[in-house]
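The values are calculated or read from the model by the stated rules, or taken from the named source; none is laboratory data. In this text, all values refer to a predicted model and were calculated from it rather than measured experimentally. Every residue, glycine among them, receives a Cβ derived from its backbone with ideal geometry; neighbour counts consider all protein chains shown.
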Amino acid sequence: MTRPVYRRERVPAPGFGHNRFLHLLLGWLLAFWVAMAFEPFDRSDWLLENALVFVFGFLLVFTYRRFTFSNLSYGLFGIFLSLHMVGAHYTYAETPFGFWLQDMLGFSRNHYDRIVHFSFGLLLAYPIREFLLRLASVRKNWSYLLTIAVVLGFSGLYEALEGLAATIVSPELGVAYLGTQGDEWDAQKDTALALAGSIVAMVPAWYLRRGSKAL
């Protein structure tokens, strides 16, 4: 006699009105954005950098009813946006934390931008995989590799759009906005770091969950 197969159904996320975590996260992001808007290092660069915050935030709000991420994913989005807002306030090349690391470890440049690009892959890999599994119906075994590929693609696309924006929107802000700090291979290194971050996120996830039915 065969045993009946029970499928584990996903518990729907609470609506925004009942999700206290999202209320706190949104409150934090708004308060932090206001704080970072006060006397930024370069107001023009701050406005250009915040285009990412506005577009990203609009997409998450606009698609909330159609696709609600888990609280973990929203938390990871919040951390990444907070890191970006710090870089927008000081400009990535002038962020104090990057100078502290530079002095402590003897780096030749401010590496705060490298930290954020690595964090892009590390923090956004889980939400991207969640999206692929739930909406795109990607097979679980392929989701890890496909997530890494999506992070790599988005990172490369962002570098290309960043260069276009610096050239078209405000050419005089090119150096500050791109934050290359004299490195002609800056875009390639940033993309490679995002790739590395996604691998660091996905390899343990694959190892820990390879025999589990959980997400």
When W142 is run through (1) at pLDDT below 90; (2) closer than 30 Å to F16 by Cα; (3) not small (G, A, S), the failure sits at (2)
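A quick yes/no check of all residues on (1) closer than 17 Å to W28 by Cβ; (2) under 21 Å from the mean Cα position of the chain (by Cα); (3) surrounded by 15 or more Cβ atoms within 10 Å (Cβ to Cβ); (4) among the hydrophobic types (A, V, I, L, M, F, W, C):
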site	(1), (2), (3), (4)
L52	no, yes, yes, yes
F58	no, yes, no, yes
V61	yes, yes, no, yes
G78	yes, yes, yes, no
L81	yes, yes, yes, yes
V86	yes, yes, yes, yes
T91	no, yes, yes, no
T95	no, yes, yes, no
L101	no, no, yes, yes
Condition set without any contact (Cβ under 8 Å) to a residue 60 or more places away in the chain and basic (K, R), scope segment 117-163, selection surrounded by the most Cβ atoms within 10 Å (Cβ to Cβ): answer is K140
